[in-house]
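The values are calculated or read from the model by the stated rules, or taken from the named source; none is laboratory data. The model shown is predicted, which means the values in this text are computed figures rather than measured ones. Every residue, glycine as well, gets a Cβ built from its backbone with ideal geometry; the counts of neighbours run over all protein chains shown.
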Amino acid sequence: MAKSTLKRRRSTATSRKKHSVSPLLASQVPAAVRAFCAPSGTARFAAGKRLCATAERHPARVYPHFDAIAARLDSDNQIVQWNAMQILSRLAPVDKARKLDALVGAFAAFVRGRSLVSAVNSIAGLCRIAAARPDLMDRVIPGVLAVERATYRTSECRNVAIGRALAGLRTIASMVLHRADVAAFVRRQARNSRPGVAREAHSLINGWQSDSGFAKVDRSAPA
């Protein structure tokens with residue numbers, strides 16, 4: 001292997017290591033939650049990243065603070081809102097008290113809002129919740145599909161969000177491919193004006209059609 005190639009690979013690995021966020025110890029979580037829930041200050045953002053990393057790998061450490069984090073969905077700072085969505089959705093696997101049931105509507109409201117980044121975070125969160133909580137599927141899926149009717153700054157923003165919805169649906173494909181509403185949505189996006197979105201839709205269709213559970217959609221019916 002050429003020295004220059006090896007050097008580049010080592011540099012990339014070092015860069016990734018520098019940017020990785022390590023999870024918090026259980027004893028560190030309460031202080032991080034207090035920092036995240038502060039009314040102002042940039043410390044909230046670093047705390048949010050650490051809590052998200054912890055919720056991803058050790059959700060039980062963060063779950064006792066669910067209510068405090070959920071309150072941040074109403075924050076006047078969008079970054080705090082995005083972090084709250086990311087953290088809460090990662091707590092779905094340990095949501096024994098079914099607290100997320102009351103928040104599906106709040107997540108879906110971000111999809112219908114005017115902020116593209118908020119919508120993208122919400123869509124990812126909803127799909128993450130659905131993967132861990134299939135009992136919420138009938139409420140989650142309409143929230144994700146609402147992206148098609150959302151009004152963002154431009155129609156291209158909506159197409160970007162639709163692409164993220166398709167990517168999210170791919171992660172729960174085995175759980176949703178039988179649904180007529182999902183199949184119809186994916187087929188419509190095969191005609192999306194954004195090439196990358198249309199390709200993603202075609203990829204899903206081609207993959208899903210080989211599965212006997214893929215919903216059959218009446219092509220003569222209005223989409």
Among the numbered criteria (1) modelled with pLDDT of 95 or more; (2) touching a Gly at 6+ places or on another chain (Cβ under 9 Å), which one does Ser174 miss?
(1)
For the condition touching a helix residue (DSSP H, G or I) at 6+ places or on another chain (Cβ under 8 Å), crowded, with 18+ Cβ neighbours inside 10 Å and modelled with pLDDT of 95 or more, what is the one hit in Phe185, Phe214?
Phe185
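One line per residue, one yes/no per condition, for (1) at pLDDT below 95; (2) under 23 Å from Arg114 (Cα atoms):
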site	(1), (2)
Ile162	no, yes
Asp181	no, no
Ala201	no, no
Ala221	yes, no
Out of Asp101, Asp67, Asp74, which single residue is within 27 Å of Arg153 (Cα to Cα), surrounded by fewer than 17 Cβ atoms within 10 Å (Cβ to Cβ) and not basic (Lys, Arg)?
Asp74
Please specify each residue of segment 177-199 satisfying the condition of being under 22 Å from the mean Cα position of the chain (by Cα) and not in a helix (DSSP H, G or I).
Leu177, His178, Arg179, Ala190, Asn192, Arg194
Mind checking which helices (runs of 4 or more DSSP H) fall wholly inside segment 5-116 and carry at least 2 residues that are of a type in the set (S, T, N, Q) and either in contact with a strand residue (DSSP E or B) (Cβ under 9 Å, 6 or more places away or on another chain) or at pLDDT 95 or above (or both)?
78-89
Any residue at all in segment 116-133 that's in contact (Cβ under 8 Å) with a residue 40 or more places away in the chain, out of contact with any helix residue (DSSP H, G or I) (no Cβ under 6 Å at 6 or more places or on another chain) and farther than 26 Å from Arg34 by Cα?
yes
When segment 121-139 is checked residue by residue, the ones that are under 18 Å from Val186 (Cβ atoms) and touching a Lys or Arg at 6+ places or on another chain (Cβ under 8 Å) are Ile123, Ala124
